[in-house]
Amino acid sequence: EGHWCEWTGSQYVNPLAGINGDIADIKEAPNGDIYICGNFTSAGDVTGTYRIARWSKANQAWEGLGVTSTNSIIDIIWCMAFDANGDLYVGGNFTDIAGTGANYVAKYNVAAGTWSKVGSGISGGTSVYTIAISPDGTIFIGGRFDTAGGNTNCNYIAYFDKTANNWRPLSTGLNDYVYALKFAPDGRLLIGGNFTNADGANGDYICWWDGSAFKSFADLGATELNNPVISIDINPNDS
C-alpha cells in the first residue's frame, strides 16, 4: 500500500518523484510515513523540504519539516533514527538547523512539528554519520568529531545522558571516523568505521562496546579487517 510505483492504466508512475539531489537515508515512522534526508534542496517542490522531507502515508504527498535554506546551514543530513516516542533524531553536516542552534545532531518532535538541540551539541568536527538508539532509549552517535557536550574524550563516538542532559564518552573514544552503529539482539553495540586498535591492540575497522570497554572480534577468533566498514546489519539468525 506504499504506492512506490502505480499503474495508471497506461503507464507506471512514481508518486514519490521530485527529489532533486542525493538521498543519504530513509526511515519509516511508527505511523507509516516515510522520511528521507540527504543533500537535496526540494522534494516535489514543497516548501520546507530542504535536505529532509516526509512522504505522508495518509495524504500520499511530500510534506516539509520546516527546514529551509534561509533558516538552516546544511551541507547534508546523513542519518536518522526514531525513538520509542516516535520522535526523530538526525545527524549530519549542519549548523543551526531550523534556527535552533543545533549543530550536527538535532531532534524533531513529530507531534509538535518542532526542532531542538540535543544537549549542548557537537563541536570539534564536521559531521555525525550514524545514530543508533538502544533498547533502553539511549542515543548513540558516531562520526567525524572530537568533542561532544564539551567532553574531549568523545572522539568520534558518544552517547546522550538524559539525566544530565549532556553527551558522554565511551571510554576515551576511537582514533578515527565512525560510520556505522548497530545494536545486536544481545544488546552489544556494533561499531564500524575507519578506526584501528579499538581495544588498544586489536579491533581494526569494526568492534563492539560491551557497556564499559571496546572489544575486538579478534577475541572471538575473527581475522582483522583491512578496510573501513561503512554499514552494519544483522540477519535473522543473529549473525
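The values are calculated or read from the model by the stated rules, or taken from the named source; none is laboratory data. In this text the structure is predicted, and so the values were computed from the model without any measurement. Don't worry about glycine lacking a Cβ; one is built from the backbone with ideal geometry, like all the others, and counts go over all protein chains shown. Note: areas computed on protein heavy atoms with side chains; ligands, DNA, RNA excluded. Shrake-Rupley method; radii C 1.70, N 1.55, O 1.52, S 1.80 Å.
If you go through segment 35-44, how many residues are modelled with pLDDT of 95 or more and farther than 13 Å from Phe94 by Cβ?
So the first thing to find is which residues in segment 35-44 are modelled with pLDDT of 95 or more, and the list is 35-43.
Adding the requirement that they be farther than 13 Å from Phe94 by Cβ leaves 35-36, 40-43.
Counting residues in segment 35-44 that are modelled with pLDDT of 95 or more and farther than 13 Å from Phe94 by Cβ gives 6.
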**Prompt:** Can you name every residue in segment 203-233 that is part of a loop (DSSP other than H, G, I, E, B), over 18 Å from Tyr129 (Cα atoms) and open to solvent by 40 Å² or more (accessible area, probe 1.4 Å)?
**Reply:** Asp210, Gly211, Ser212, Gly221, Ala222, Thr223, Glu224, Leu225, Asn226
**Prompt:** Only one of (1) at pLDDT 95 or above; (2) among the basic types (Lys, Arg); (3) in contact with a Phe, Trp or Tyr (Cβ under 8 Å, 6 or more places away or on another chain) is not met by Lys182, so which one is it?
**Reply:** (3)
**Request:** May I ask you to list the residues in segment 157-191 that are assigned to a strand (DSSP E or B) and either under 17 Å from Met80 (Cβ atoms) or of a type in the set (Phe, Trp, Tyr) (or both)?
**Result:** Tyr159, Phe160, Trp167, Val178, Tyr179, Ala180, Leu181, Lys182, Phe183
**Prompt:** For the subset of segment 147-156 comprising residues that are assigned to a loop (DSSP other than H, G, I, E, B) and buried (at least 16 other Cβ atoms within 10 Å of the Cβ), which member is nearest to the chain's Cα centre (by Cα)?
**Reply:** Tyr156
**Prompt:** Among Gly173, Gly187, Gly200, which is in contact (Cβ under 8 Å) with a residue 24 or more places away in the chain, out of contact with any Cys (no Cβ under 7 Å at 6 or more places or on another chain), on the phi > 0 side of the Ramachandran plot and open to solvent by 10 Å² or more (accessible area, probe 1.4 Å)?
**Reply:** Gly187
**Item:** Matching strands (runs of 3 or more DSSP E) fully within segment 20-100 where at least 2 residues are open to solvent by less than 10 Å² (accessible area, probe 1.4 Å) and either within 21 Å of Tyr159 (Cα to Cα) or of a type in the set (S, T, N, Q) (or both)
**Value:** 73-82, 88-95
